[in-house]
Amino acid sequence: MTLLDAIMSCSGQTKNANVNDILIVRTSEGKGVIKRIDMAKITSKGDSRENYVLKDGDLILVPPTDLARVNYSLTQIQPFFTIFVLATGAISNVGLMEAIAGSTP
C-alpha cells in the first residue's frame, strides 16, 4: 500500500488537513526516520517519487491547517466568553434588530 492508497482508504483529505506537510515516521535500523511529503506533488503534478510504499509500523501524520488550529482554539475558549458575558451582563437586550440604510441606532 502506498501513501496515497492509505489516505484514500481513510476517505481522502478533509478541509482541515494540511496535505502539503504530511509526515511518514518509520523505524529503520533501530532509528526513527521522518519523511516530509508534499501531497500536491503527487496529486497535482503526478510526481509519484514521494508516493512511498508503506511498511509495517509506519505512522502517517497529517497535521491540521493553520486555520483549523485557530478554529479549534476558538472553540476551546468560546464557552469562557459566553459565561463572561452572561455573568457581567454586558448584553442588555438580546434579539434581532433590523438595520435600515441611513438610520442611526
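Read-outs throughout are calculated quantities, based only on the coordinates presented, and are distinct from any laboratory measurement. All figures in this text were calculated on a predicted structure; none of them were measured in a lab. Here the Cβ positions follow ideal geometry from the backbone for every residue, glycine too, while neighbour counts run over all protein chains shown.
Just a few scattered comments:
- Selection among A40, I24, T14 by position relative to the dipole of segment 1-63 gives A40 as farthest towards the positive end (Cβ unit charges, Cα centre).
- Using the Cβ-Cβ distance between S73 and T14 with R0 = 22 Å, the FRET efficiency computed as 1/(1 + (r/R0)^6) comes to roughly 0.75.
- Sum of side-chain charges, T65 neighbourhood, beta-carbon under 10 Å (Lys, Arg +1; Asp, Glu -1): 0
- Unit charges on C-beta of K, R, D, E only; dipole of segment 3-63, Debye: 120
- Amide H within-cut-off set for N20, under 5 Å, with H built and near neighbours excluded: M39
- Among R69, R26, the ranking by other beta carbons within 10 Å of each residue's beta carbon, starting with the fewest, stands as R69, R26.
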